[in-house]
Amino acid sequence: MGKATFIDRSGNPHTVDVQNGTSLMQVSLDHSIEGIVAECGGQCSCATCHVYLEDGWYEKSGGPSDREAEMLECVIDPEPTSRLSCQVVMSDELDGIVVRVAQKQY
Ligand code: FES
């Protein structure tokens with residue numbers, strides 16, 4: 001169990017408890033965080049769960065897989081710390097992670 005903070009599209013932070021092994025996409029849906037669409041249900045094939053990892057968490061996350069990097073080429077307004085939240089899975093190492101929801105999803 002750890003904590004994750006989602007910064008929603010209005011700039012408001014929401015800190016929630018997250019079980020290890022749960023994707024940040026699922027957590028955002030469970031807590032009705034505005035802005036995550038997750039059309040494909042976490043299969044890394046829609047790119048509608050785009051987030052930015054803040055405050056050095058991108059490096060700690062280990063970065064995207066080749067498949068995720070390919071899908072990230074489709075997102076609106078990519079940044080160097082862009083990730084697909086369905087591919088970021090909670091672990092002890094990510095306790096305290098801060099995630100900003102992208103303003104637009106396809
Ligand atoms: S939910 Fe579809 S790529 Fe993440």
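The values are calculated or read from the model by the stated rules, or taken from the named source; none is laboratory data. The structure presented is a predicted model; accordingly, all values stated were derived computationally and were not measured. Backbone-built Cβ (ideal geometry, glycine too); neighbour counts: all protein chains shown.
Table: residues versus (1) surrounded by fewer than 19 Cβ atoms within 10 Å (Cβ to Cβ); (2) within 12 Å of the ligand (Cβ to nearest atom); (3) within 22 Å of MET1 (Cα to Cα).
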| site | (1), (2), (3) |
| --- | --- |
| GLN26 | no, yes, yes |
| VAL37 | yes, yes, no |
| ARG67 | yes, yes, no |
| ARG83 | no, yes, yes |
| VAL98 | yes, no, yes |
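Of all residues in the stretch 69-81, which are more than 12 Å from the chain's Cα centre (by Cα) and either more than 10 Å from the ligand (Cβ to nearest atom) or free of Cβ contacts under 8 Å to residues at least 24 places away in the same chain (or both)? Selection gives ALA69, GLU70, GLU73, ILE76, ASP77, PRO78, GLU79, PRO80.
Pick from the stretch 43-63 the residues that are within 13 Å of the ligand (Cβ to nearest atom) and within 11 Å of the chain's Cα centre (by Cα): which of them is surrounded by the fewest Cβ atoms within 10 Å (Cβ to Cβ)? Across the stretch 43-63, the extreme among qualifying residues is THR48. Where residues in the stretch 2-24 are among the hydrophobic types (A, V, I, L, M, F, W, C) and touching a residue at least 24 places away in the same chain (Cβ under 8 Å), which of them is surrounded by the most Cβ atoms within 10 Å (Cβ to Cβ)? Out of the qualifying residues, it is LEU24.
What about LYS104, is it more than 10 Å from the ligand (Cβ to nearest atom), at pLDDT below 95 and farther than 13 Å from ALA4 by Cα? Step through it out loud before you land on a result.
Values: more than 10 Å from the ligand (Cβ to nearest atom): yes; at pLDDT below 95: yes; farther than 13 Å from ALA4 by Cα: yes.
Criteria met by LYS104.
In the stretch 1-24, the residue that is nearest to LEU84 (Cα to Cα) out of those that are polar (S, T, N, Q) and more than 14 Å from the ligand (Cβ to nearest atom) is THR5.
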